[in-house]
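This report concerns only the one structure given below.
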Amino acid sequence: MNFIIPQNYNFKNKILGIIDYSTAIFNIIWYIITFSIINLFFNNWTIIIFLFISLSFPITIFSIVGFNGEPLTYVVKYLFNFLISPKVYLFQKIL
């Protein structure tokens, strides 16, 4: 059997076909930072687990579902660039 793959087809490397590698690295860094900060302030494991899940679950859901196929790292980059230099273009149509 011969499979014909078009040349303009873009192979996206993903972990288990779900998450991009850059997004997975971003998630792991986020998990480490949040766990270490929470662990500094609280000693009770139930509070630590509750806060860790509360802060990590939305990021995990956004990384799995995505924003119209965009990796989470690109979305964060676009938002950060917009916060630094917000540009709003207003065009007035002259009749």
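The values are calculated or read from the model by the stated rules, or taken from the named source; none is laboratory data. None of the values given here were measured: they were computed from a predicted structure. Cβ placement follows ideal geometry from the backbone for every residue including glycine, while neighbour counts extend to all protein chains displayed. For the accessible areas, the whole protein counts, side chains as well, though only heavy atoms, and no ligand, DNA or RNA atoms are used. Shrake-Rupley method; radii C 1.70, N 1.55, O 1.52, S 1.80 Å.
Summary of values
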quantity	calculated
Residues of region 63-95 that turn out to be open to solvent by less than 80 Å² (accessible area, probe 1.4 Å), hydroxyl-bearing (Ser, Thr, Tyr) and in contact with a strand residue (DSSP E or B) (Cβ under 9 Å, 6 or more places away or on another chain), as a count	2
Complete set of residues in region 24-46 that are within 12 Å of the chain's Cα centre (by Cα) and among the polar types (S, T, N, Q)	27
Any hit, region 40-62, residues being surrounded by 14 or more Cβ atoms within 10 Å (Cβ to Cβ) and modelled with pLDDT under 85	yes
Those residues of region 23-39 which are open to solvent by less than 90 Å² (accessible area, probe 1.4 Å), of a type in the set (A, V, I, L, M, F, W, C) and more than 21 Å from residue 13 (Cβ to Cβ), in sequence order	33, 35, 37, 38
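Residues checked against (1) touching a residue at least 40 places away in the same chain (Cβ under 8 Å); (2) closer than 30 Å to residue 12 by Cβ:
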residue	(1), (2)
44	no, no
48	no, no
59	no, yes
68	no, yes
71	yes, yes
80	no, yes
94	no, no
